[in-house]
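The values are calculated or read from the model by the stated rules, or taken from the named source; none is laboratory data. Model, not experiment: these values are computed from the prediction. Positions of Cβ are generated from backbone atoms using ideal geometry, with glycine treated the same way; all protein chains shown enter the neighbour counts.
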Amino acid sequence: MIIPVSDVDRAKAFYADQVGWAEDLDVRVDEHVRFVQVTPPGSACSFAFGQGIVDGVPGSVQGLQVVDADVEAARAELLERGVTVGEVQHLDWGSFVGCRHTPTATPGPCTSCPTAASEPTPAGAGHGP
């Protein structure tokens with residue numbers, strides 16, 4: 001998943017340092033192209049952002065969800081890491097916690113589905129794929 005961001009260093013610091021996702025790659029191809037890839041713990045899905053790799057508008061990704069097997073534990077870990085998240089909402093078909101303050105300005109829910117093994121998000125800090 002490629003996410004357009006306005007500040008690559010700020011996005012990298014948020015996802016890798018604050019949220020705790022693995023930094024898989026940070027390569028500057030030339031003065032116009034930089035590629036950063038991060039992966040939530042246990043996830044088979046990675047997220048990429050950078051400079052010169054996507055034409056999307058920063059903040060334009062809407063409704064991005066990351067599934068985690070334990071939304072309560074993921075929320076607690078994100079709060080410990082200083083990430084602003086809402087309260088867990090328990091619905092008949094799953095539980096959700098909103099993560100609204102990301103460096104990409106992309107509001108997106110962090111999700112926990114009872115049938116899901118795990119994830120990608122700012123909510124899968126240490127609990128999902």
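Of all residues in the range 15-42, exactly one satisfies the criterion of being part of a helix (DSSP H, G or I) and crowded, with 21+ Cβ neighbours inside 10 Å, namely Tyr15. If you scan the range 1-14, which residues turn out to be buried (at least 17 other Cβ atoms within 10 Å of the Cβ) and in a helix (DSSP H, G or I)? Selection gives Val8, Ala11, Lys12, Phe14. Looking only at residues in the range 43-55 that are under 17 Å from the mean Cα position of the chain (by Cα) and not hydrophobic (A, V, I, L, M, F, W, C), the one that is surrounded by the most Cβ atoms within 10 Å (Cβ to Cβ) is Gly50. The residues in the range 62-76 that are free of Cβ contacts under 8 Å to residues at least 60 places away in the same chain and surrounded by fewer than 21 Cβ atoms within 10 Å (Cβ to Cβ) can be counted, and the count is 8.
Please tell me if Leu78 is assigned to a helix (DSSP H, G or I), in contact with a strand residue (DSSP E or B) (Cβ under 8 Å, 6 or more places away or on another chain) and within 25 Å of Trp93 (Cα to Cα). Yes. Of the residues in the range 77-86, at least one is at pLDDT 85 or above, more than 29 Å from Gly56 (Cβ to Cβ) and more than 13 Å from the chain's Cα centre (by Cα).
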